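Only one structure is covered here, and it is reproduced in the block below.
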Amino acid sequence: MNASKGPASAVRPVTKSETASSESRVLQPSGWPAPKGYANGMTADGRLVVTGGVIGWDHQGHLPDDFIAQARQTLNNIAAILAEGGAKPEHLVRLTWYVVDMEEYLASLKTLGQIYREIFGAHYPAMALVQVVRLVEVNAKVEIEATAVVPR
C-alpha cells in the first residue's frame, strides 16, 4: 500500500492564553502558505453557538446603503449574538460571507480588515466568501453566517 502523497497536516502551536480562553486550534497543513486574515481550518471542543445569515441592520431594522457600514453592523450583530449565547470572538471557528458585489468587497479589504480587528481582534477563524446574485433582504450587500465553539 502506498503512502498518501498529499500534504502532511499540522496544528499551529497555540499560546497559553489561547488555550485557556478558546480551546480551539488552527489547522495548518505543513508546507502550505500561511493564510492572511483567515484560517484554513479549525478544531474545537465545546458547546456550539451558530448564527443564521446575519445582515447589517440595526436594532430598529434600518439597513445602511453603504457596503462598509453594512459589513461593520453585520459583524457587530454577530458579536451581539455570540455574547447572547455566552460566546466571545475568540470562540469563532467559522465565518461564511455572502456578498452581492465581489469587486466592492475586494476594493474594501483594507478597511474591512480594520473593522474586523476592531470587533473581533486578531482571531481569524476558517472563512469562506461567496458572491451571490442577491440576498433575501433586497438592499443587503453582505450576509454572514458564524459558528463558534464555547469551551466546556
Pull out the extension gain between residue 84 and residue 50, defined as 0.36 nm times the separation in residues minus the alpha carbon to alpha carbon distance; nm, one decimal. 11.1 nm
Run the helix sum for the chain: -39,500 (n - 2.57) per DSSP H stretch of 4+ residues, divided by residue count, reported at 222 nm to the nearest 500 deg cm²/dmol. -8500 deg cm²/dmol
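What do you get for Rg/Rh over the stretch 29-109 if you use C-alpha atoms and the Kirkwood form of Rh?
Rounded to two decimals, Rg over Rh is 1.01.
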I'd like the Karplus ³J(HN,Hα) series for the stretch 97-109: coefficients 6.51, -1.76, 1.60, θ = phi - 60°, whole numbers in Hz, and an x wherever there's a Gly or Pro. 9, 10, 10, 8, 9, 4, 5, 5, 4, 4, 5, 9, 3
Return, for the Cα atoms of the chain, the radius of gyration and Dmax in Å, separated by a comma. 16.7, 62
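Values in this text are rule-based calculations from the coordinates and carry no lab data. What you see is a predicted model, and the numbers here were worked out from it, not measured in a lab.
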